[in-house]
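Structure first, then comments.
A short reminder: the numbers here are calculations on the coordinates, not readings from a lab. Quick caveat: nothing in here was measured; it's all calculated off a predicted structure. Using ideal geometry, Cβ is built from the backbone for each residue, glycine included, and neighbour counts are taken over all protein chains shown.
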Amino acid sequence: MIKKALFPAAGYGTRFLPATKSVPKEMLPIVNKPLIHYGIKECVNAGIFGIGFVTGRAKRAIEDYLDYSPEVEEKVKDSSKAKLLEEVNKMIKKCTFTYVRQKEMLGLGHAVLTGEPLIGNNPFAVVLADDLCVGEILTQMVKLYEKYKCTIVAVEEVDKNEVNKYGIIEGKEIEEGVMMVKNMVEKPDIDKAPSNLAAIGRYILTPDIFNILKNIKPGKGGEIQLTDAILTQAKRGMVLAYKFKGKRFDCGSVSGFVEATNYFYEKEFK
Ligand code: G1P
């Protein structure tokens, strides 16, 4: 069973400057809820209640969001606004949140390795909060994990000219929508990509990933790449790529952020 999830959240969010000078990018709101809210909700719906954050400097707003706020609650109690706090309070009650700081930004793989003390020797999910997903993708992945008990990467097809923004996968289909990973390349040049199947920010990882990350050499951009560690797992045993059912908004980009905002406004406010 998957009981824990790790949220790498130490990045600077430079694409959203100047807002991210003082607001962590994970706290930027899609309408009235910050990005992490959606990611945590997806975890809770998948039965995952142990949530670890790899944070950095200037990220305290995340901890404050995931704690009760008695003054605000007192202020809105007995008013129609009290219900606006219901969902987050439910999450706070159900989950245990733990935090560790990544002191240096040495890549996504390094961030995941920094989270090892929060995870221990357990299989776990990794959620990149700026990929906002609808359709309970983690629930789908947990089910698949129960069947295969190996690392799983959520993938979707992207435009050929966007492959250099993602970890790109080459695989062999073993059942509908499920591929055995044969190769995985971090942000390949457009003409060198093995396919247009891109990893999105949802992974289930087996804990042997930590030892691999400890020994792996820096890859693309001189960073410790999660993609390279997953490829090592694929070569040693089995890794699956899963074409999820649902929709992903790339909220790390301004256009994806606006698209998600419009989607949730239509869905929840109209
Ligand atoms: C990271 C990973 C990449 C993956 C992407 C998904 O890249 O390194 O393999 O495809 O997340 O969003 P980043 O977006 O952090 O540059």
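DSSP loop trypsin sites (Lys or Arg not before Pro) in the stretch 137-175 with at most 16 other Cβ atoms within 10 Å of their Cβ, which ones?
Lys149
When the distances between all Cα atoms of the chain are binned every 10 Å from zero, what whole-number percent does each bin get?
7, 29, 38, 20, 5, 1, 0
Helix 35-45 versus the longest principal axis of the chain: what angle, 0 to 90°, nearest 10, using Cα atoms?
Once rounded, one gets 80 degrees.
How far is helix 254-269 tilted, in degrees, relative to the longest principal axis of the Cα atoms in the chain, given as a value from 0 to 90 rounded to the nearest 10?
50
Could you work out the Rg to Rh ratio of the stretch 4-133, with Rh taken as the Kirkwood radius (inverse of the mean 1/r over all Cα pairs)?
Numbers: Rg = 14.9 Å, Rh = 15.3 Å.
Checking Rg against Rh, the ratio lands at 0.97.
Between the stretch 36-53 and the stretch 92-121, how far is it from one alpha carbon centroid to the other, in angstrom?
The stretch 36-53 and the stretch 92-121 have Cα centres spaced 14 Å from each other.
What is the sum of charges around Thr20, taking Lys and Arg as +1, Asp and Glu as -1, for the other residues whose C-beta is under 13 Å from the C-beta of Thr20?
Values: positive: Arg15, Lys21, Lys25, Arg57, Lys59; negative: Glu26, Asp130.
Here the charged neighbours net out to +3.
For the chain, with a Gaussian network of springs between Cα atoms less than 10 Å apart, report the residue from Ala241, Ala129, Ala82 with the top mean-square fluctuation.
Ala82
Can you tell which of Leu85, Leu231, Leu132 shows the greatest fluctuation in a Gaussian network model of the chain with Cα springs below 10 Å?
Among Leu85, Leu231, Leu132, the largest GNM mean-square fluctuation belongs to Leu85.
Å³ per residue of the Cα convex hull, for the stretch 33-99? Please list the in-between numbers first.
Working: hull volume 6.2 nm³, N = 67.
Dividing the Cα hull volume of the stretch 33-99 by its residue count gives 93 Å³.
Please compute the Kirkwood hydrodynamic radius of the stretch 1-65 from all pairs of different C-alpha atoms, in Å with one decimal.
Working: mean 1/r = 0.0805 Å⁻¹.
About 12.4 Å for the stretch 1-65.
Order of Asp130, Asp208, Asp191 from fewest to most other C-beta atoms within 10 Å? Don't skip to the answer; put the middle values down first.
On the way: Asp130 25, Asp208 16, Asp191 8.
Going from least to most buried by this count: Asp191, Asp208, Asp130.
Over the stretch 227-270, what lengths in whole Å, largest first, do the semi-axes of the equivalent ellipsoid take, defined as the square roots of 5 times the eigenvalues of the alpha-carbon gyration tensor?
35, 13, 6
Summing Lys, Arg as +1 and Asp, Glu as -1, what charge do residues with Cβ under 15 Å from the Cβ of Ser255 carry, Ser255 excluded? Intermediate results must be reported in sequence, preceding the final value.
Values: positive: Arg15, Lys165, Lys247, Arg248; negative: Asp130, Asp131, Asp159, Glu162, Asp250, Glu259.
Overall, the nearby charge balance is -2.
Which percent, nearest 5, of DSSP beta bridges in the chain are antiparallel? Could the numbers behind the result be given before it?
Details: 28 of 47 bridges.
Antiparallel: roughly 60 percent of the beta bridges in the chain.
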